[in-house]
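The values are calculated or read from the model by the stated rules, or taken from the named source; none is laboratory data. Owing to the predicted nature of the structure, the values given are computational and were not obtained by experimental measurement. Heads up, the Cβs are rebuilt from the backbone with ideal geometry, glycines too, and the neighbour counts pull from every protein chain shown. Areas reflect the complete protein model, heavy atoms only, side chains present, ligands, DNA and RNA absent. Shrake-Rupley method; radii C 1.70, N 1.55, O 1.52, S 1.80 Å.
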Amino acid sequence: MPTEIERKFLVANERWKQSFIRSVRIRDGLIAVYNGRKARVRIAGDQATIALKGQRNGLGRSEFEYAIPTADAEEMLRTMCDDRVLEKIRYYIPHAGLTWEIDVYDGILKGVVIAEVELDRDDRVLELPDWVGKETTGNLRYSKFNMEKAAKRRKRLRQDRS
């Protein structure tokens, strides 16, 4: 079974910008979430995928991701994701034999910057770059779903005050 093993961190400073080798604009749409599992559609540049992710077990979880036609992904984003579409630019940074990904969010999560790295095994010793801050792996407060809910709540409060 395919397994995704990743660790996530806040970004402490902008020194990562000196080292990125490429970037891609991404739109992520959450189709469904249930009991720690989720179905997500993504358009990254000119590539579209649909992914099914299982519950976390430590640092890992099962992940099935498949390429789909971009037109299908556009339709899923439009008709199945309601207002649960996130936009970001993902930057790729090589460091100590691994490729780190920095997600700089736009839209409802504008200002959020998260670093993540995928690992080949969960006991791998990780050399942290100097721009990495607090680890957020497994912290539900930093899940995209919960960050989005909190941002929408703040937006509603601001609208109610005006």
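Just to confirm, what accessible area per residue do you get for the stretch 1-141 at 1.4 Å probe, in whole Å²? It would help to have the intermediate numbers written out before the result.
Working: 7950 Å² over 141 residues.
Value returned for the stretch 1-141: 56 Å² of accessible area per residue.
Once you have a ≥ b ≥ c as the square roots of the Cα gyration tensor eigenvalues for the chain, tell me rounded if a/c is under 1.5, and otherwise prolate or oblate according to whether a/b is larger than b/c. Don't jump to the answer; show the numbers that get you there.
Values: a/c = 1.45, a/b = 1.19, b/c = 1.22.
Rounded shape, in that the Cα axes give a/c under 1.5.
Given the rule -39500 (n - 2.57) for each run of at least 4 DSSP H residues, summed and divided by the residues of the chain, what is its mean residue ellipticity at 222 nm, to the nearest 500 deg cm²/dmol? Don't skip to the end; give the middle numbers.
Details: 2 runs with 28 residues, N = 162.
That comes out to -5500 deg cm²/dmol.
For labels at K149 and E14 in the simple 7 Å Cα→Cβ model, what's the distance in nm?
With each label point 7 Å from Cα toward Cβ, the separation is 3.3 nm.
Counting only protein heavy atoms, what percent of the accessible surface of the stretch 108-148 is carbon or sulfur at a 1.4 Å probe? List each step's numbers first, then the result.
Numbers: 1170 of 2410 Å².
Here carbon and sulfur together make up 49 percent of the probe-accessible area.
Under 5 Å between amide H atoms, partner at least 5 residues away or on a different chain: which partners does T3 have, H built in plane at 1.01 Å?
Result for T3 returns E63.
Looking only at the stretch 1-40, which residues have a backbone nitrogen under 18 Å from a spot 7 Å from the Cα of D122 in the C-beta direction?
Only 1-9, 36-38 pass the distance filter.
Quickly rank 118-127, 91-100 as a protection proxy: mean count of other C-beta atoms within 10 Å, highest first.
On the way: 118-127: 10.9, 91-100: 15.0.
The peptides rank, most packed first, as 91-100, 118-127.
Looking at the square roots a ≥ b ≥ c of the eigenvalues of the Cα gyration tensor of the stretch 107-162, which shape do they give, rounded for a/c under 1.5, prolate if a/b is larger than b/c, or oblate? Working shown, then result.
Values: a/c = 3.91, a/b = 2.62, b/c = 1.49.
Because a/c hits 1.5 or more and a/b exceeds b/c, the stretch 107-162 counts as prolate.
With all protein chains present, how much of the accessible area of the stretch 34-75 (probe radius 1.4 Å) comes from carbon and sulfur, to the nearest whole percent? Before the final figure, lay out each step's value.
Working: 1220 of 2360 Å².
Carbon plus sulfur share of accessible area: 52 percent.
For the chain, what is the charge dipole size about the Cα centre, in debye to the nearest 20, if Lys and Arg each add +1 at the Cβ and Asp and Glu each add -1 at the Cβ?
Magnitude of the dipole: close to 920 debye.
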